[in-house]
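To keep things clear, I will list the structure first and then write my remarks on it.
The values are calculated or read from the model by the stated rules, or taken from the named source; none is laboratory data. Because the structure is predicted, anything quoted here is derived from the model rather than measured. All Cβ positions, even for glycine, are placed from backbone atoms using ideal geometry, and neighbour counts span all protein chains on display.
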Ligand SMILES: C[S@@+](CC[C@H](N)C(=O)[O-])C[C@H]1O[C@@H](n2cnc3c(N)ncnc32)[C@H](O)[C@@H]1O
């Protein structure tokens with residue numbers, strides 16, 4: 001399901017992924033002062049973070065993994081000239097490289113997994129002792145305006161699950177065995193030209209129908225019209241409308 005959604009969005013994703021790009025930059029900001037022999041990236045998508053890693057670590061081999069075949073294919077073509085990357089279709093919940101990695105990174109991807117604890121335990125196993133894991137996550141305050149309006153328009157179709165809250169994220173990281181070295185929290189308001197433009201944008205990011213935007217049943221035409229009208233009315237700004245993105249950026253290590 002998630003694989004299909006992102007495969008469909010591969011071509012349009014970059015045009016609209018400003019919040020994701022800013023999270024990828026934040027992940028680079030918390031990286032440790034090391035020059036690793038190899039890097040694993042989980043949920044590489046269209047390679048926004050990977051591109052930053054090419055600049056920061058020229059010539060370091062990067063295993064860039066994504067669940068979506070189309071994303072993998074798209075990035076492999078787009079970054080042909082960077083032969084330091086190996087583009088791999090795989091699931092962050094179960095992926096294992098040949099040897100443990102000194103550095104694992106992931107941005108704006110792991111909030112999609114169905115089992116956070118299992119995913120973090122797997123990443124812990126993939127990491128060398130004293131290795132680093134730099135993680136950028138979208139948290140539960142992301143698109144809170146959309147959830148509120150949706151709840152009002154169609155309460156019986158409320159989302160089945162939400163993005164993780166910070167407490168849930170930290171609990172799962174601790175339970176997997178990680179030690180926290182750096183932590184940055186952010187709540188950013190992003191502007192869109194209109195409510196219609198905003199909905200189109202999150203659709204083109206592959207977010208529509210996802211945890212944050214979907215319910216058990218899709219909205220019908222009149223509910224969508226009402227949602228657009230309410231959103232435009234409630235969250236208008238000088239530039240159009242705003243939407244919140246809540247994120248956490250963490251640097252973690254494996255001490256045992
Ligand atoms: C919002 S995109 C972010 C991509 C990129 N890291 C960025 O910063 O732009 C999320 C990506 O995570 C991938 N993804 C979702 N679940 C995954 C999983 N279980 N394993 C690997 N990749 C996954 C999706 O296919 C998608 O390409």
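Please determine whether any residue of the range 46-59 is part of a loop (DSSP other than H, G, I, E, B), touching a helix residue (DSSP H, G or I) at 6+ places or on another chain (Cβ under 6 Å), over 18 Å from residue 203 (Cβ atoms) and modelled with pLDDT of 95 or more. The answer is yes; a qualifying residue exists.
Scanning the range 139-165 for residues that are under 23 Å from residue 28 (Cβ atoms) and in contact with a strand residue (DSSP E or B) (Cβ under 6 Å, 6 or more places away or on another chain) yields a total of 4.
Here's the yes/no breakdown for (1) within 10 Å of the ligand (Cβ to nearest atom); (2) assigned to a loop (DSSP other than H, G, I, E, B); (3) under 12 Å from residue 46 (Cβ atoms):
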residue: 75; (1), (2), (3): yes, no, yes
residue: 80; (1), (2), (3): no, yes, no
residue: 86; (1), (2), (3): no, no, no
residue: 93; (1), (2), (3): yes, yes, no
residue: 102; (1), (2), (3): no, no, no
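Residues in the range 4-26 that are at pLDDT 95 or above and either more than 13 Å from the ligand (Cβ to nearest atom) or surrounded by fewer than 17 Cβ atoms within 10 Å (Cβ to Cβ) (or both): 1 in all.
Scan the range 130-137 and tell me whether some residue there is under 19 Å from residue 174 (Cα atoms) and outside any strand (DSSP E or B).
As a first pass, look at the range 130-137 and keep what is under 19 Å from residue 174 (Cα atoms): 130-137.
So of that shortlist, the ones also outside any strand (DSSP E or B) come out as none.
No - not one qualifying residue is present in the range 130-137.
Out of everything in the range 107-122 that is near the ligand (Cβ under 7 Å from one of its atoms) and in a loop (DSSP other than H, G, I, E, B), what residue ends up being farthest from residue 26 (Cα to Cα)? Looking at residues that are near the ligand (Cβ under 7 Å from one of its atoms) and in a loop (DSSP other than H, G, I, E, B), I get 113.
The single condition from (1) touching a strand residue (DSSP E or B) at 6+ places or on another chain (Cβ under 8 Å); (2) part of a helix (DSSP H, G or I); (3) at pLDDT below 90 that residue 169 fails is (3). Looking across the range 27-43, the residues that are part of a loop (DSSP other than H, G, I, E, B) and either within 13 Å of the ligand (Cβ to nearest atom) or in contact with a strand residue (DSSP E or B) (Cβ under 8 Å, 6 or more places away or on another chain) (or both) come down to 30, 31, 32, 34, 36, 37, 38, 43.
Any idea which of 214, 191, 161, 140 is modelled with pLDDT under 95 and over 28 Å from residue 236 (Cβ atoms)? That would be 161, the only listed residue that is modelled with pLDDT under 95 and over 28 Å from residue 236 (Cβ atoms).
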